[in-house]
Structure formats: structure tokens, C-alpha cells
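Read through the structure below, which is laid out as C-alpha cells, and then see the notes.
The values are calculated or read from the model by the stated rules, or taken from the named source; none is laboratory data. Here the structure is a predicted model, which means the values were calculated and not measured. Cβ atoms come from the backbone with ideal geometry, glycine included; neighbour counts cover every protein chain shown. Keep in mind that these areas ignore ligands, DNA and RNA; they rest on the heavy atoms of the full protein, side chains included. Shrake-Rupley method; radii C 1.70, N 1.55, O 1.52, S 1.80 Å.
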Amino acid sequence: MDWGFITVTLLDGVARGLYFFLVSAGLTLIFSMMGVLNFAHASFFMLGGYFAYIIAQEWGLSFWVALPVVPLVIGAIGMVVERFGLRQVHKFGHVAELIFTFGLAFLVQEFVKLVFGNDTKPYAVPELLKGPLFTIGDQTFGSFRAFMIVVSISIFIGLYLLLTRTRVGMIIQAALTHPNTVSNLGHNVPLIFMAVFGVGTALAALAGVIALPTDALQPGAAARLGPIIFVIIVVGGLGSLSGALFASLIIGVLTTMFDASQLSVISIMEAVANLLGIEWSLLERPTYELRRLMVGDLIMMSTKQVGALFPYLLMVLILIFRPQGLLGKRES
Amino acid sequence: MKKILMAAAAAVFAVSGAAGAETTVKLAFIDALSGPFALTGERGLQNFTFAADYFVNNQGGIDVGGENVKFEILSYDGAEGFPSPKKSVLQAEKALRDGATFILQGNSSGVAAAMTDFVGKNNRRNADNPIVFLNYSAVVPALTNELCNFWHFRFDAHADIKMEALTDVIAANENVNSVYLIGQDYSFGQAVAAGAERMLAAKRPDIEIVGNELHPIGQVQDFTPYARNVKASGADALITGNWGGDMVGLGKAILEADLGIPVYTYYAAADGITGLFGEAGNGVISLVSEGWGANPTEEFQAYHTAFKAQYPDSDINAPRIINAMGMLAQAMQAAGSTDPKSVAYALENMEYDSMLGTKVFMRAEDHQAFQNVYINTHTNEGLPTNSAGAALDYDKSGYGLLATSTVEMASMGIETTCEMKRP
Amino acid sequence: MALLNVNQLNAYYGKSHILQGVNMSIDEGEIVSLLGRNGVGRSTTCKSIMGEVPPKGSITFRGKEIAGLAPHQIAQSGIGYVPENRDVFPGLTVKQNLNLGVKPGQGASRWSEEDFYELFPNLRERQDVDAAALSGGEQQMLTMARTLMGDPDVVMIDEPTEGLSPQMCQRVADLLEEIARRQIAILLVEQKLTIALKISKRVYVMGHGQIVYEGTPEELMNNDDIRQEWLEV
Ligand SMILES: Nc1ncnc2c1ncn2[C@@H]1O[C@H](COP(=O)(O)OP(=O)(O)OP(=O)(O)O)[C@@H](O)[C@H]1O
Ligand SMILES: [Mg+2]
């Protein structure tokens, strides 16, 4: 494996982790503020992709129109959902809220199927950002992925400044842990909730706009991302933006590395055997014969398969050893 | 007196039954109708519905031993997220209760293996009420080899037959000295990889397999790392059996990485994939399949036009479905009965003249259909047209598959380990 | 007319009926204590007035009905509340905590940050420290100061001296006196009779969700029956 390969794979992982962050940022703020795990959060990500595809490709406007418009539109939809959905359901308790968001996720998925169909839409990278930005060795790194990185980092910095440098940001931070007390001080917490919900959904939509050209735009997109962002907010610590960023990057980079790795039990056995100078007849056989062996599944097991489990494993470990998450503040 | 009356009534019924005899044969379509692979299932259902109407219902029914027979297609969702063997079998049981006598299924060889097993068991226990499984897409060779079953018929060329055709082309290409294999980690993906390894070793021992990767089905978010590995390996060609979302993802990553090598596939067309690849796939993507060839028959051209009139957003993504319905109708007429067992016997060794411009031979030994197989290129140039003059493209994209070489009655003599037990 | 008037106030947690017809009133600038054993519903009274627990009955402030308004609207009308759990906002500095007490659109205030730094030099020293790192007493001062930053006309303070050292209790008492000096009414919920009786003009005693006694501190001190039945443990 050469350095070019490692560098670009790392960058791929960063790009992936950063778009995970865009989605999980809203989820973690909403969760810790309202105490509701919003199952529909990833649905806004998916809607972002579809709306952008419609605007950029079906209507023939450009990706650059979709980029600002889609988050605004979906952010507004998010606020309506909070104001007229979640807030009404709130009186009936958390279970009702969970069921509501669950139903909403389902509804969005069926809506998407009905309106856009089940097929994978040919949502593509905009013309301007097609092609490689640079080449290391024989590996290229696409301009679009670099663009994803730049957009996500700008959003993180913007959010960070908003939360730590502005009065609204402080109110939000305070409301993350003590919404009632903030209300009692005369701040309109329901309005803040609605705004945060709106911004959170807008960010998820933005992630959909910039990530789905490299992924598959289809009605299953939300269901595939949902579990990952849930893992991220738990690992990062509920309500912690930096935690979400940190966990997103860890999971983005490591899952990409796992995907790129080609180690398997048999390849490790081979390396060890070579090292010891042992000639081993098993290794001469074609892989399909190896697979048929009694222990075939075991010796063919690869880091890829382990990699798919990795985020969940990490979550379980965190829940056991650091339940408040890597950068979480409160134990809950 | 009473008895006489009853007998008379019975006679009247019998006569009226024979005269206007209307029988509806229920065909149970069981495939993924939800989840990430739902589109493939939905399109399959449309294609079956259209073909059943074309061969049977739109003719006012077909005459089977003096009875007027119509086809009714019942549809069942066999997916729990992904195509699920367990759920599909449960649905098959439901279909039996609903009076279905034929099962139409194809997506995922894992499901097909469970289905053929279920059908075999059911027909042993319920010998009076058998059901026949018409497999239109599941191509793991085992289904017509060690897992073969009298009640199962496969209309698609199986993975080894397709691989023979592909490896013939690859072997003849002197620029190819190394090959990379990527597949989904289940029976079918493993079969593709095994076939490629075996056949390349036989046809071109000098070709090196520089990568052989299986990934979990339907779970890879982004195939970029895979594409990077292909690039890093320096392979001269890529072979993949991926289908559905896994083909879309892999294709995107490959085209983005600009590998500059031919990509040989089983399923990289239609259902959004052709549209997505567009110009980037031009001349890069090849696909092995049955199909209508470079010079489609007039009948097929008209069929295509009519299909598009009914389903403008859909495509004929599995032309073998036409053969499955055509052969079923013909077998019933030949058997003079809609009884599944008689129809199954009539299908054995049937030679069918398909509107696809090929003969289809259903080998009795293993119930595998043999037909012309094509190596196609993804392109927007020189595509044949339908009777309305529209190009035979996919996804309304202007791009489609152009047959560049034909293997007549591919692998006709291929061996099978099947020891068919007939009831 | 009383500044704050509570009439037949009922409140529930789910099915349990906690407040069962509370009647009380506070005049402009008056200091009133609400006494009672643990669990009788004193905090619930404050929360209902604040709208945090839905109130049934009538609550008027300056003659205007406020029952049914949202907590932030009640706060904006001029009622302050310092809850019993001293919840400073972690992750924000002392100064930031204080600033959040200022209401949106608030005009000139009777209180400035400087006032509190003068009263509690500790807070000045630690103004840039994460509020979660303060001692219990400092946190109590901070939450009281934070509420006062919003310039309320009446402030409900729930058990400010609980668990504090005698010196700290004295600080609290000093602040209460300072509040009174500025003509701000106080509803003080207390266990420690000494402080409550020293500064209050009137006291209410609560038992089982109702007001069972009302009088001046002296009257209460002279009424052994009431003290024994409703206050002493
Ligand atoms: N969130 C709640 N849910 C259910 N019951 C509650 C809740 N909060 C308080 N209670 C109950 O309501 C009653 C009154 O509680 P409240 O907090 O008003 O008491 P208190 O007089 O302030 O006493 P103290 O503060 O010393 O506990 C108690 O019996 C308490 O158990
Ligand atoms: Mg209390």
C-alpha cells in the first residue's frame, strides 16, 4: 500500500465523516434539548437529496441554486413539523413523540417512493466540480469531495461561533440542559426549539444535497444513514457539537479505512506463514475452494466485515465505559 | 325423486361448466416490493403483468383442452428490508392458500434456494395440490445442479453460462493480463467469483486475478474505497455480478475514479443505472445477458412499443420474462391442462420460438433454459429501435445496451450434477 | 390591590392532586414566607405560578390573569423565580450565566452585573469560570443574581439556604434584604424559620396542598399549636 492510497483514503474518510457530522449536528441538539430521538432526522437528509436532484437536474436549474434553496425550504418544513406536529404531540409524553417521529420517517419514505419512485435517481456531481482536484501516485482525489469537506467545515465553524459567541447561542446552550430554567428567565424556549429544529433539518438537508451525488439517491437512503448518526450522537455525547464532529470523523475515517483494507484471516495467516518460511498448501488453492472448506467462512473473514460492525461495537463500548459519550457533559 | 333432481341439476351444471368454461390460473409473483431492491421487484411485476396480458388475457384467454384459461397475477412482497428467504416462503404459503398454482420469483438466489426447497417439500406433502416455481432471475448455478428440483424451472442463463460467455470475450482480449473481481457476499456473488476464477484459469492461465472481494449485500454506503483498490491493483479489467443499489454505488465510484479499464457486469443496466452512468459509462460498461440482440424481431419491436405505451416510465429490464410467460401458455396448451404437474412435464424439453429472436430450450435434465446470450455495451449509438422508431434505451436516457457479440444457444452442453427425481 | 394574587389554585402531577385550593397574595415590595414540611407542595406552588406546572384556578399579577400563559410570558410580565435546585448553566461562564438573566427587549434595570459583584466579590473573581465549577453557595448566589438581572417586581426564591454554611446563609439573608430595600416583593420558601421570620412581614404555612395558616412572624411564634402540627418535625 502506498502513501498516495493512504492519503486519499483518509481524505475520503474525512469527507464521509464530515457529512455524517452535518446530519448528526441537528440530531444531537434536538435530542438533548427536547429529549426526543428524532427518527425522521435522516429523512430530511434524503429529502435534501431529492429536492436538489429535482431542482438541479429535472428542472434544469443548477446545483448552485439547489445548494442554498433546498436547506432553506426543508428547514422551513422542519419548523412546521416541530410547531404543528411535535409540539402538539409533546403533551402526550415521550413515547408519543417517538412514535410521531417514527411515523414521520415512514411517511417521508412512502412519500418519496410515491412521488419519485423506487429507482436510484441519477443525481450527479455538478459539471464544475467533476473530475479530480489532484493526483497522488495513481490515485485521484475528486474536486467534489474537496468541496464537501470545505462546506462541512465552514458550517461547523459557523455553528461553533453561533453557539459560543452570540447571545442566541448561549440561550441554546443553556436550553440544552435546562430548558425550564431558561423559560423562567423570560426566553421564548418553544421558539428556540422550533428554530433549532429548523436549523437541524436544514443542515441534514444540506448534507443530502452535497453527499448524495457520491452515494445512492433512493428511498432507502434515510434508513441506511439513520443508525449511523444515532451511533454518532451517542458516541460523541448528547448535545455536544464537538463530540458529534469528533465521533463523525472517527466513524467516517475508520469505516472508510476498513472498506479500503484488504486484510482477511487467510491473508494474515499467509503473511505469518511467509514470515516463518512455512510452505502451506492451503494458500495455493483458489478462493472459491477455500470458501467451501469447513472453516471457509471463518478464514475468509475480512476486515471489511468487521468494519461494518465497528460503529455499533464502538457505541456499545462507549455506553459501558463512558455513558455520557466522548465529549458529553451530562450523564443521562 | 330427489336424487333424480339432483342428478339433473348436476348435469346442467356440468354442461354449462364445459361450454363457457372459464378458468383463471393464479400466478403468485413474490419478490422485493419494498426496501432498497423494491424497484427491481416492481419492474418485474409490471413485466409479468404485461406479458401475461399479451400472451393470454388480451387474446380473450387461451384454449386449454376446451377450457378458456386466463392468467391472474397476484403479487406478494418478499422483502423485509432486503429480499428475505423467510418472508418469501411465508408469502408462498399465503399464495397457496389464495389458490396460486405457479410462483414467479427471481431476485436473490438466497430467496430462490429457499423457495425451491419449500416448493419441493410442499409438493411431496401435498401431492394433490402441487405448485410450480418459475424462476426468472436467480442465477446461482446450484439451483439447477445440486439443489435441482422437478418443480423449479429457470428461464435466465445461470451465472456460469454467462461467465463462460464473458470469459470468452475477456480471454480473446490480449490487452487483459489481470482481472479484479468484486461481488456481493452471498451465494450468487460467490458463484460469480468462483466461475471467473475457474474459467479464466482454464482459458487464459496467464491472467492474474489481482483482487477478489466480496462485500455485504446492500450495506456499502460508498464504493470509493473499492474503486481505489481496483486502481491501486493495476487491473486491466473488472468483473462484477452486483445488482440493484450495489451496482449503482459501485458504478458511481468506478466512473468517478476514472479507471480507464473495461468493466464487465451482469446487471449494470436499467432501473436507473443506465441513466446514471450516461456518457461516463459509454464504452466502459459491458453486460452479459439474454436479450433482443442487435436486430430485434418485428414482433418484439411492437411488443416494446406497446409496453412503453402502458408503462412509459418503466423498461423491459428482464426480457426473459417474455419467454417465461410465453412458454407457460404454450406448455398449458400442449398439456391440455392447467394442472401444475402436467404443465411441468410439458415444459421439459420444450423448444420455444421466442420473439426475442432466439430459440429457448428447456433442458429436462436440470430445468435450465438455453438461449442466445449477448455481450452488450453501454452506449447511445447504434441502438436498435422499436416499432414507433424510439431507440431501445433504458431510463429514457438515450443510452442502452447494444449487443456486440452473440453466443448462440450459450453453453448448450454444459454439464449438470442434477439427478432429477420425477413424480 | 395585591401585586400577586393566587386564588383557589389547584395543580396535579398526572393523577395526584398536589395543590388543593391554595389562596395567597403578596403586595408590592412585601416579603412573604411560605413555610411547611417537606413535600407539602411549596415548590409546586411556585412552579404553578410560573406556569411550569399547569395551574387550575386564578393567578393575577397586577390585576391581570396569568394562569395559562407560557413560563416565558409570565417571566416577562415581571415575576422572577429562583428554583430550589440551583441550576446554573454548565459550560457557560459566570458572566454568561448572569447575562442570560437579562430578558429579551428589557429596558433599564434596577440591577446591574456590578451590583452582584459588589455583594459577592467571589463572583467577580470567578466571572470567567465555568459556572458548574462554583461551590454550592456560589451557585445559589449566581442563580439568585441571574433571576434579578431580569428586573422582576416579585421574586419567588425556593429554599435558598438549603445545605449552605452559616456564613453563606448570612450572605443569602443580606441579598434578601437588599432586594427588599429596592422595593421588590419576595415570596420566600424556607425551612429555616430564623431567617424567614426575621425578614418576613407575613408568613403562610402550607400543609397537604393548602394554606393552613396565615399571620405575622410574631403571631406564628406565639402559636405553638400551629408550629407543632405543621412545622416541627
Ligand atoms: N415531577 C413530579 N411528579 C410527581 N410528583 C411530584 C413531582 N414533583 C413533586 N411531586 C410530589 O408533589 C408533592 C409536592 O412536592 P413539592 O416539590 O411541591 O414539595 P415541597 O413542599 O417543595 O417539599 P420539598 O421541596 O421539601 O421536597 C410531593 O409529594 C412530591 O412527591
Ligand atoms: Mg420544594
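For the stretch A:52-62, does any single residue satisfy the condition of being hydroxyl-bearing (Ser, Thr, Tyr) and buried (at least 21 other Cβ atoms within 10 Å of the Cβ)? The answer is yes, given that some residue of the stretch A:52-62 is hydroxyl-bearing (Ser, Thr, Tyr) and buried (at least 21 other Cβ atoms within 10 Å of the Cβ).
Looking across the stretch C:62-73 at every residue that is aliphatic (A, V, I, L, M) and more than 8 Å from every other protein chain (Cβ to nearest Cβ), the one that is farthest from C:LEU188 (Cα to Cα) is identified as C:LEU69. Filtering the stretch B:399-413 to residues that are aliphatic (A, V, I, L, M) and either surrounded by 14 or more Cβ atoms within 10 Å (Cβ to Cβ) or within 14 Å of chain A (Cβ to nearest Cβ) (or both) leaves B:LEU401, B:LEU402, B:ALA403, B:VAL407, B:MET409, B:ALA410.
Say whether the condition of being without any contact (Cβ under 8 Å) to a residue 12 or more places away in the chain, among the polar types (S, T, N, Q) and open to solvent by 30 Å² or more (accessible area, probe 1.4 Å) is met by at least one residue in the stretch B:175-183. So that I can check it myself, show each step before the final result.
In the first step, residues of the stretch B:175-183 are kept if they are without any contact (Cβ under 8 Å) to a residue 12 or more places away in the chain; the result is none.
Checked the stretch B:175-183: no residue is without any contact (Cβ under 8 Å) to a residue 12 or more places away in the chain, among the polar types (S, T, N, Q) and open to solvent by 30 Å² or more (accessible area, probe 1.4 Å).
Taking the criterion of being of a type in the set (S, T, N, Q) and either facing chain A (nearest Cβ under 7 Å) or in contact with a Leu (Cβ under 9 Å, 6 or more places away or on another chain) (or both), the residues of the stretch C:84-98 that qualify are C:GLN96, C:ASN97.
Does any residue of the stretch B:262-276 turn out to be acidic (Asp, Glu), out of contact with any strand residue (DSSP E or B) (no Cβ under 8 Å at 6 or more places or on another chain) and within 12 Å of chain A (Cβ to nearest Cβ)? Talk me through it step by step, then tell me what you get.
Keep residues of the stretch B:262-276 that are acidic (Asp, Glu), which gives B:271.
Remaining after also requiring out of contact with any strand residue (DSSP E or B) (no Cβ under 8 Å at 6 or more places or on another chain): B:271.
Filter once more, so that each one left must be within 12 Å of chain A (Cβ to nearest Cβ): B:271.
Within the stretch B:262-276, one or more residues are acidic (Asp, Glu), out of contact with any strand residue (DSSP E or B) (no Cβ under 8 Å at 6 or more places or on another chain) and within 12 Å of chain A (Cβ to nearest Cβ).
Would a scan of the stretch C:158-171 turn up a residue that is touching a residue at least 40 places away in the same chain (Cβ under 8 Å), away from ligand 2 (no atom under 16 Å from the Cβ) and crowded, with 16+ Cβ neighbours inside 10 Å? Yes - at least one qualifying residue is present in the stretch C:158-171.
For C:GLY207, the conditions (1) more than 12 Å from ligand 1 (Cβ to nearest atom); (2) farther than 15 Å from C:MET141 by Cα; (3) not charged (D, E, K, R) are fulfilled apart from (1).
To keep it simple, each residue is scored yes or no on (1) open to solvent by 20 Å² or more (accessible area, probe 1.4 Å); (2) at pLDDT 95 or above; (3) farther than 30 Å from B:VAL132 by Cα.
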position	(1), (2), (3)
B:TYR352	no, yes, no
B:MET362	no, yes, no
B:TYR374	no, yes, no
B:THR377	yes, yes, yes
B:ALA388	yes, yes, yes
B:SER397	yes, no, yes
B:GLU415	yes, no, no
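Exactly one condition in (1) under 29 Å from B:VAL169 (Cβ atoms); (2) open to solvent by 10 Å² or more (accessible area, probe 1.4 Å) is false for B:LYS421; which is it? Among (1) under 29 Å from B:VAL169 (Cβ atoms); (2) open to solvent by 10 Å² or more (accessible area, probe 1.4 Å), B:LYS421 violates only (1). Has the stretch B:402-413 got at least one residue that is of a type in the set (D, E, K, R), part of a loop (DSSP other than H, G, I, E, B) and closer than 28 Å to A:PRO122 by Cβ? Among the residues of the stretch B:402-413, not one is of a type in the set (D, E, K, R), part of a loop (DSSP other than H, G, I, E, B) and closer than 28 Å to A:PRO122 by Cβ, which makes the answer no. Check the stretch C:2-10 and report whether any residue there is in contact (Cβ under 8 Å) with a residue 60 or more places away in the chain and within 16 Å of ligand 2 (Cβ to nearest atom). No, the stretch C:2-10 has no match at all.
Would you call B:ASP222 facing chain A (nearest Cβ under 9 Å), open to solvent by 10 Å² or more (accessible area, probe 1.4 Å) and either modelled with pLDDT under 90 or in a loop (DSSP other than H, G, I, E, B) (or both)? Here the answer is yes, as B:ASP222 does meet what is asked. Of the residues C:LEU193, C:LEU187, C:LEU197, the single one that is within 16 Å of ligand 1 (Cβ to nearest atom), within 24 Å of C:MET168 (Cβ to Cβ) and modelled with pLDDT under 90 is C:LEU193.
Among the residues in the stretch C:71-82, are any within 16 Å of ligand 1 (Cβ to nearest atom), at pLDDT 95 or above and among the hydrophobic types (A, V, I, L, M, F, W, C)?
At the first step, the residues of the stretch C:71-82 found to be within 16 Å of ligand 1 (Cβ to nearest atom) are C:71, C:81-82.
With the extra rule that they be at pLDDT 95 or above, the set shrinks to C:71, C:81-82.
In the following step, the residues that additionally are among the hydrophobic types (A, V, I, L, M, F, W, C) were identified as C:82.
Looking for residues that are within 16 Å of ligand 1 (Cβ to nearest atom), at pLDDT 95 or above and among the hydrophobic types (A, V, I, L, M, F, W, C), one finds at least one in the stretch C:71-82, hence yes.
If you go through the stretch C:12-37, how many residues are without any contact (Cβ under 8 Å) to a residue 60 or more places away in the chain and within 12 Å of ligand 1 (Cβ to nearest atom)? So that I can check it myself, show each step before the final result.
Just the residues of the stretch C:12-37 that are without any contact (Cβ under 8 Å) to a residue 60 or more places away in the chain, to begin with: C:12-16, C:25.
Filter again for within 12 Å of ligand 1 (Cβ to nearest atom), leaving C:12-16.
Number satisfying all stated conditions: 5.
Considering each residue of the stretch B:81-98 in turn, at least one proves to be within 22 Å of B:ALA324 (Cβ to Cβ) and not in a helix (DSSP H, G or I).
Residue-by-condition table, conditions (1) at pLDDT 95 or above; (2) at positive phi; (3) more than 17 Å from the chain's Cα centre (by Cα):
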site: B:LEU74; (1), (2), (3): yes, no, yes
site: B:PHE82; (1), (2), (3): no, no, yes
site: B:LYS86; (1), (2), (3): yes, no, yes
site: B:GLU93; (1), (2), (3): yes, no, yes
site: B:LYS121; (1), (2), (3): yes, no, yes
site: B:VAL132; (1), (2), (3): yes, no, no
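Check the stretch A:82-89 and report whether any residue there is open to solvent by 20 Å² or more (accessible area, probe 1.4 Å) and acidic (Asp, Glu). Show your work before the answer.
Taking the stretch A:82-89 first, the residues open to solvent by 20 Å² or more (accessible area, probe 1.4 Å) are A:83-84, A:87-89.
Filter again for acidic (Asp, Glu), leaving none.
For the stretch A:82-89, residues open to solvent by 20 Å² or more (accessible area, probe 1.4 Å) and acidic (Asp, Glu): absent.
Taking the listed residues B:LYS86, B:LYS121, the one that is in contact (Cβ under 8 Å) with a residue 24 or more places away in the chain, among the charged types (D, E, K, R) and farther than 21 Å from B:ALA364 by Cβ is B:LYS86, with no other qualifying. Among (1) within 15 Å of ligand 2 (Cβ to nearest atom); (2) surrounded by fewer than 23 Cβ atoms within 10 Å (Cβ to Cβ), where does C:THR194 come up short? Single failed check for C:THR194: (1). B:ASP366: under 30 Å from B:PRO130 (Cβ atoms), touching a residue at least 12 places away in the same chain (Cβ under 8 Å), touching a helix residue (DSSP H, G or I) at 6+ places or on another chain (Cβ under 7 Å) and acidic (Asp, Glu), yes or no? Yes.
Residue-by-condition table, conditions (1) away from ligand 2 (no atom under 12 Å from the Cβ); (2) open to solvent by 20 Å² or more (accessible area, probe 1.4 Å); (3) at pLDDT 95 or above:
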{"site": "C:ARG37", "(1), (2), (3)": "no, yes, no"}
{"site": "C:PRO54", "(1), (2), (3)": "yes, yes, no"}
{"site": "C:THR60", "(1), (2), (3)": "yes, yes, yes"}
{"site": "C:PRO90", "(1), (2), (3)": "yes, yes, no"}
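Could you please let me know if C:LYS47 is within 23 Å of C:SER112 (Cα to Cα), of a type in the set (Lys, Arg) and either open to solvent by 10 Å² or more (accessible area, probe 1.4 Å) or away from ligand 2 (no atom under 16 Å from the Cβ) (or both)? No.
Could you check, for the stretch C:213-227, whether at least one of its residues is within 16 Å of ligand 1 (Cβ to nearest atom) and either modelled with pLDDT under 90 or open to solvent by less than 80 Å² (accessible area, probe 1.4 Å) (or both)? Spell out how you get there, then give the answer.
At the first step, the residues of the stretch C:213-227 found to be within 16 Å of ligand 1 (Cβ to nearest atom) are C:213.
Checking the rest, the ones that are also either modelled with pLDDT under 90 or open to solvent by less than 80 Å² (accessible area, probe 1.4 Å) (or both) come to C:213.
Yes; the residues of the stretch C:213-227 include at least one that is within 16 Å of ligand 1 (Cβ to nearest atom) and either modelled with pLDDT under 90 or open to solvent by less than 80 Å² (accessible area, probe 1.4 Å) (or both).
The number of residues in the stretch A:204-229 being open to solvent by 10 Å² or more (accessible area, probe 1.4 Å) and modelled with pLDDT of 95 or more comes to 1. Only a single criterion out of (1) away from chain B (no Cβ under 14 Å); (2) closer than 27 Å to A:GLY85 by Cα; (3) in contact with a Ser or Thr (Cβ under 8 Å, 6 or more places away or on another chain); (4) hydrophobic (A, V, I, L, M, F, W, C) is not satisfied by A:ALA247, namely (2).
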